[in-house]
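Notes to accompany the following structure.
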Amino acid sequence: MPGRPSEPESALIPLPTEVDVPLYHIRHGVKPPIFRVFISWSRGNVLQVACIRPLEDHLARGEANETSDDAGLGGKVVEVKLGASDPNISEAQRRRIIYDSIPPFVLLQSRRKAFLTMSRLSSSSSHPSTDWWQQVLEYSRSISELLGSSKISSKSVIEDPMIVLEPVDKPSGLKAAWQLMEIFYVDKNYFSWLPERLVDWLAEYDAILSETQMTVHSKLVKLQEKLVNLQVIENDPEYWEGLSSVLTVGWLDVAVKLLRLHGSYQLNQLDSRETENGLVETVAVLVSTMPRLRHDLPMGKLGQCFKTKPDFIKAWEKWRGQITKLDCSAFWVQCSHRPTREGLRNLLQIMLGNFNSISTACFHWMELFISHFLYIRPLTVVAPTYLVSCPKQGLGLLEILLSKQPVQNYPMILKNLEICQLNELYGISSCVKKIAGMHQWKHGRKGSGVYWLQEARDEARLNRIAQQLFECIGRSISDETFKQWEGLIELLGSDVGTAGGVGFLHRYRDFKRSLRQVRNGRPASAARQTVESLIQLMKSSYTPQRFWLPLLHDVVELLNWKDQPLLNVSETNFLLKKLQELSMAQLCPEFSETYLPPEALTEIRLALATNLSRAFLEE
């Protein structure tokens, strides 16, 4: 157990002396000595502490007569409530919250009973979850209203340009926690706009995080106090640090307001600092036009709203391209003011998703979490760390998240696979490859589709593709059709599971290549190789009968080879037998006719007879 900093030797987990540790006095009433202490979590922020005495015989005999109090007991379990109440909520307000929250809770419970009754009476076994979570959301918002709202304490009629933070009443930590629960667990309407909801939450409640450690809000408060006395604001490093911090967490209106305080906007300096002012204004325009995936924006907030993810991604890539173009501009060389040049380029790096720039500008882990959501795309970059740590539903949710990422571009697929590899999610990686393969195949990119399905080792889909390819070529047996699909045949390989049709196509490809070599004037060895490929094809059980006649017709000129017969007697008899089987098969109604000249069969028979007679004489 952790001990007091003043007594580190008595602690199982020593604490540093600079930590202010809260002390909780436990009134257990158990008479010493205490042999063992057990601690476990109870409901909410309550700990259960069990104090156990030793059960030795001499203690039992010595205390046999102690029966008046609990001191003679062998142990006792007490509850300890951790944490203090919110100091911003008075006791009267707390009682009002308790009393006023009863009616919404009773209404929610009555509606829950009604939904359960309807689900039992309904023929469908599914729970009406769509209507139910709307009722839960209504209850959550009722409680949120009871917890108070942030109000502007005073607002001047004339806006002060040096005021970058509006003075508001100190927010309630209780409401901040309630809002987070609503964002993550209740409000499904805006779940796809989660990053933006978190930006709004942080803008309202970052002051609460400032109570325990440094935050962007506290940094901005110090900067605002300093702005009044600064003559040349752009020379102060704290100005650029504060500007980077507010941009990192998505407070675009504050960032633009700080940029417009730059000294180059003063009328007496515009002529001499024209390039510098142009760069500052360009960055301000880029910040104010940042694409945002949300339904709408509150009054005074900056950015371009997009309601659908495809439109948002398209605008995001265009916006990022403009930032990259500015970052590579030659105008930076003409900017003589070094702090401005370095400060503005750091802002560009933040908007481009540079991890080092973002992490330097953040202070609290919540700020870093939100900045990742905003600037490091795709959003799967942050979520896996949190989802993988969830032992029950995390992997399932991560699989859903990755499967919904767009797979139309190669870098996106690689990023998803990188996330899977880092977290050893090999099953999800295979699923992503299958989705990518089917997407590429359905959109006409056959080669890319086959590649990803091979990476996923999806034998079932590869077999179906091979069978479709086999049937497509078989319907029109021509050199043009085969050339059209030859590259895909090469990509599939000859060992695609049990798809024997693809193996046939590979042998047919080799046959066509050797036949092409013969027609191009190659020697007799190429002709003999072509004839051997023909025999293998005719012996294969995967070669359909509709291919037999075109194959034999292709080698008519080889059967009439002038130098010597290329087939021996047994091979010629084998081909004549196949030709006889084909003649018998033509009588069946399901036989597929081939598109060959009428005299093709006669030419084949005459060529085989000629080769047979020459083979008899040769042997």
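The values are calculated or read from the model by the stated rules, or taken from the named source; none is laboratory data. Keep in mind that what you see is a predicted model, and the values were worked out from it rather than measured. Here the Cβ is made from the backbone with ideal geometry for all residues, glycine too, and neighbour counts use every protein chain on show. Please note that ligands, DNA and RNA were not included when accessible areas were found on the heavy atoms of the full protein model with its side chains. Shrake-Rupley method; radii C 1.70, N 1.55, O 1.52, S 1.80 Å.
Couple of notes before you dig in:
- Cα shape, segment 266-362, gyration tensor, a/c 1.5 rule: prolate
- Here the extension length gained between Asn568 and Leu267 equals 98.3 nm, from 0.36 nm per residue of separation less the Cα-Cα distance.
- The alpha carbon centroids of segment 269-287 and segment 208-226 are separated by 28 Å.
- A 1.4 Å probe over all protein chains sorts His262, His295 by accessible area into His295, His262, starting with the largest.
- Flagged links, alpha-carbon separation over 29 Å, of Lys446/Lys512; Lys188/Lys415; Lys222/Lys325: Lys222/Lys325
- Over all other residues within a Cβ to Cβ distance under 11 Å of Phe363, the charged ones net out to -2, with Lys and Arg as +1 and Asp and Glu as -1.
- Fully extended contour minus Cα-Cα distance, from Trp332 to Ile535, at 0.36 nm per residue: 65.8 nm
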